[in-house]
Every structure is written in structure tokens, then in C-alpha cells.
């Protein structure tokens, strides 16, 4: 997977001619570079997994950062900024799904083809199993599970990203996790996820 570097100047110039360009972004180039380097890879992975498309993830990453900067949020807290970024990405992904005719939603995703740095035969097989299982989940289920087990987000952070009530996250996560475990057919993957679940409990 290759993450192309994005600069504040590029984001500003990409929207030339729109009404939003009248407002300058509040984050300077160096601050944005540090933020981008710490969040771009996990953001792309999140979008590619919930959408099932590396190409679409590439497109939405830039739009996500543009909207993040345009929002001019004031907090300097890194955790808050990352949660806010992921919330924007989630809303963009959901907008994409809503625009698709229902019959095309299942055809649009190809979770087996999402890029990864893993190269061993076992990893390839496991990614294939995981991809098929993810493809059987709805977008909200994929969002929840990826944030919890790939990003290691807390229930509070998940609630902020997905616009849920924090107390409901635990129950939703339990239900989605059980559904995912049933979909996975390889014992090794099932044992790994179950071990992670036991550790988080």
C-alpha cells in the first residue's frame, strides 16, 4: 500500500473556485504534516476496509483531510483530532453508500483485493477469509469492528466517531463480534480474534 503525501497547499488549491476557499485553513504546513503522517495510513486502511475499495479510499482520504481543515476545530488534543477525522471519513463513506442503488451495494465492494503489506501464503489466505467475512457485514458493523480491533479505539472513542451513545457500543460490539466469528471458517483466525476479545474484556 502506498499513501501519497498531501500538503495544506495542495488541499487549498484543489478547491479553487469554490466558496470554501475564501477561508484559510487554520493548521500550518508543519503541524499538518505531523498530523498527516500519524493518521494517513490508519485512515486509508479504515476507509478501504469499510468500503471494500482501495481506489475509493484513495479518493476519500483527500476529501476527508480537506473537510477536517475546513471545519476549523479548535482542540489541539491528538486523540480528539483523530476521532474527528475518522468521523468525517465515516460520514463520507456513508454518503457514498447512500448514493448507490441497493442492488449495486454488494457488487461495489471487493474486500479480498484491498492491499496489505503481508506477503506469506498464510497471511494471504487469512486476508481472503477476513475479506469474505467483512463482505458479509453491513457498513456499520465493519466500522465498529475495525475501530475496535484494528484501531484499538475505546468505547467512548467509537461512540464519538460513529455518533452512537457510549453505553450502546459494548452491546453492539458484542453482537457484531459474534456475527464475525461465525462467518470466519479458519480456526486460526477465530482463535486469534477470540484471544483479542478475551484480552479486551
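Computed from the coordinates by the stated procedures, all read-outs in this text should not be read as laboratory data. This structure is a prediction, so every number in the text was calculated from the model and none was measured. Positions of Cβ are generated from backbone atoms using ideal geometry, with glycine treated the same way; all protein chains shown enter the neighbour counts.
Quote the convex hull volume per residue of region 26-82, based on C-alpha atoms, as a whole number of Å³.
Hull volume over Cα atoms, normalised by residue count, gives 80 Å³.
Based on other C-beta atoms within 10 Å, arrange 67, 177, 165, 170 from fewest to most.
Sorted ascending by nearby Cβ count, the order is 165, 170, 67, 177.
To make sure I understand, if each residue's beta carbon is the centre and we count other beta carbons within 10 Å, what order do 82, 74, 156, 179 fall in, fewest to most?
74, 156, 179, 82
Work out the FRET efficiency for residue 183 and residue 156 from their Cβ-Cβ distance, taking R0 = 30 Å, and round it to the nearest 0.05.
Working: r = 27 Å, r/R0 = 0.91.
So the FRET efficiency works out to roughly 0.65.
Can you work out the FRET efficiency for the pair residue 58 and residue 31, with r the C-beta to C-beta distance and R0 = 22 Å, to the nearest 0.05? Write down the numbers at each step before the final one.
Details: r = 24 Å, r/R0 = 1.07.
Efficiency at R0 = 22 Å is approximately 0.40.
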